[in-house]
1. With 10 angstrom as the radius, rank SER137, SER38 by how many other C-beta atoms surround their C-beta, starting from the fewest.
2. Could you pull out the pairs from LYS47/LYS98; LYS31/LYS119; LYS135/LYS193 whose alpha carbons sit more than 25 Å apart here?
3. Expressed as a rounded percentage, what relative contact order does the range 1-93 have, with Cα pairs under 8 Å and six or more residues apart?
4. Full-extension gain between LEU201 and VAL43, please, as 0.36 nm times their residue separation minus the C-alpha to C-alpha distance.
5. Sorting ASP109, ASP87 on the 10 Å Cβ count, fewest up front, what's the list?
6. Measuring from label point to label point, each 7 Å out along Cα→Cβ, what is the LYS84 to ASN132 span in nm?
7. Taking the convex hull of the Cα atoms, report for the chain its projected area averaged over all directions, in nm².
8. Select from the range 13-94 those GluC sites (Glu not before Pro) which occupy a DSSP coil region and have at most 16 other Cβ atoms within 10 Å, ordered by residue number.
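Please treat every number below as a calculation from the coordinates, not as lab data. Being a predicted model, the structure only gives us computed values, none of them experimental. Here the Cβ positions follow ideal geometry from the backbone for every residue, glycine too, while neighbour counts run over all protein chains shown.
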Amino acid sequence: MNSTKKVLLINTHLTYPNWSEGKLNDAFNQKAREFFISNNFEVLETKVEAGYDVDAEVEKHLQADIIILQTPINWFGAPWIYKKYVDEVFNSGLMSQKFLTDDGRTREDPSRQYGTGGKLQGKKFMVCATWNAPKTSFDDPNQMLFEGRSTADVFIQITSNYKFCGVDILPDYNCYDIFKDGDIVKDLEDYPKHLATVVEL
């Protein structure tokens, strides 16, 4: 019996020529790849912009113990190609009933909550994101834009898809202020340390 753990790395960077070429997100993805290979994981990968087969993506999710989304934050969310990816892959996972059977509620048992019909229990999901926003703009009620919200709050439209299917959400990792005053080198160096604290090896 093959007991090798598997991780699915999804890179959803969207290229804007001469402005955003994807090198930073590729670098974080490479750090994750190296970390998991060094810890004897089998690495599955998808680069959304390069194209994908929907049914194959469903199977990758079923195989993976851990799923990591590598994404830039464009206008406060992942690039639009990721929403398309989610709609297609999760719809397929719903229609085939491989991800979930329904939303969890039943007329027979009113105590069953919305979002409890998932079939992917035991899997983990994490977001690693690159931001123009500075770290100080989060978790501070005096900040005008996010008004005290955390990155996890901002990511809820991403993480809820997985939680809806029964997946546990791991603490996210972020590279802040990439255009003005960030410390990209340190953020890249610290990423494997974060993975080591949140991943069961």
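1. With the sparsest Cβ surroundings first, the list reads SER38, SER137.
2. LYS31/LYS119, as the Cα separations exceed 25 Å there.
3. Details: 126 pairs, mean separation 39.0, N = 93.
Normalised by residue count, the contact order of the range 1-93 is 42 percent.
4. Working: separation 158, 0.36 × 158 = 56.88 nm, distance 1.39 nm.
Extending this stretch completely gives an extra 55.5 nm.
5. Numbers: ASP109 8, ASP87 12.
Arranged by neighbour count, lowest to highest, ASP109, ASP87 become ASP109, ASP87.
6. It works out to 2.2 nm between the two label points.
7. Working: hull surface 53.5 nm².
Convex hull of Cα atoms, orientation-averaged projection: 13.4 nm².
8. Details: sites: GLU21, GLU34, GLU42, GLU45, GLU49, GLU57, GLU59, GLU88; in loops: GLU21.
Here the GluC sites (Glu not before Pro) that fit, given the DSSP loop and packing criteria, are GLU21.
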